[in-house]
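Working notes, structure below.
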Amino acid sequence: MLQHGLKQDEFYTWQYRGRSIRLGEIPPLPLDMQKPMPDEEKKIKVKLKIDVKNNRIQIRTNLPDNFQLYGKINGSISFSNIVVKNGVAIIPFNSETTEFKSLDAYSVATVTGVDLSIVGDRCRNLVGKYVKFNPINGNTIEFHTA
């Protein structure tokens, strides 16, 4: 931290980048780790709707094509590399062996193949209740059903 702007003066007062810090106060994140603000004209409010049909789980969404999802079905059956195409992501599911109870789906901002002019760097243009910010990865998607 001393290399990144944390200093102490002769009165034992701490300063971080010229700003006084009280004992126990957490200094702000460096600029490269702060949440990036979305471009107003390109903001996408993420919508997800789940449908369980015969042998698959279908997620209807407004995420762009090639967006990848991973996660678990019923807390134990893992899936990965589920790709959004034309607003739909399909997760193969064997309904004969297990009854569908819950779905936990995630995505990270470092997805490949997604048009960055739509989502922005570190998925900054994604907003809504399913979007969570991670200081290292940027905006991520978290979707849980019970």
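Coordinate-derived values only; no laboratory data. Nothing here was measured: the structure is a model prediction, and the numbers come from that model. Virtual Cβ from ideal backbone geometry, glycine too; neighbours counted across all protein chains shown.
Run down the aspartates and glutamates and flag those whose C-alpha is under 20 Å from the C-alpha of LYS49, throwing out any fewer than 8 positions away in its chain.
ASP65, GLU99, ASP104, GLU142
Expected output is a single nm value to one decimal: the length gained when fully extending between SER102 and ASN134, i.e. 0.36 nm times separation in residues minus the C-alpha distance. What is it?
Fully extending the segment from SER102 to ASN134 adds 9.1 nm.
Computed from the coordinates I sent, Rg and Dmax of the Cα atoms in Å equals one of (1) 20.5, 72; (2) 17.0, 55; (3) 17.2, 52. Tell me the label.
(1)
So who's got an amide H within less than 5 Å of the one on ILE82, skipping anything under 5 residues away but keeping other chains? H placed 1.01 Å off N, in plane.
Those qualifying (amide H under 5 Å, at least 5 residues apart or on another chain) are LEU69.
For the chain, calculate the relative contact order in percent as a whole number, restricting contacts to Cα pairs under 8 Å that are 6 or more residues apart.
22 percent
Within the range 69-94, what residues put their amide N at less than 17 Å from the label point 7 Å along the Cα-to-Cβ vector of ASN55?
Output list for this probe position: 90-94.
Test of understanding: what is the full-extension gain from THR13 to ASP39, defined as 0.36 nm times their sequence separation minus their Cα-Cα distance?
Details: separation 26, 0.36 × 26 = 9.36 nm, distance 3.89 nm.
Working it through step by step, the gained length comes to 5.5 nm.
Taking 24 Å as the cut-off for C-alpha to C-alpha distance, list the pairs among LYS7/LYS132; LYS43/LYS129; LYS47/LYS101; LYS35/LYS101; LYS53/LYS101; LYS35/LYS129 that go past it.
As for pairs spanning more than 24 Å Cα to Cα, those are LYS7/LYS132; LYS35/LYS101.
Take ILE57, ILE82 and order them by how many other Cβ atoms sit within 10 Å, fewest up front.
Result, fewest neighbours first: ILE82, ILE57.
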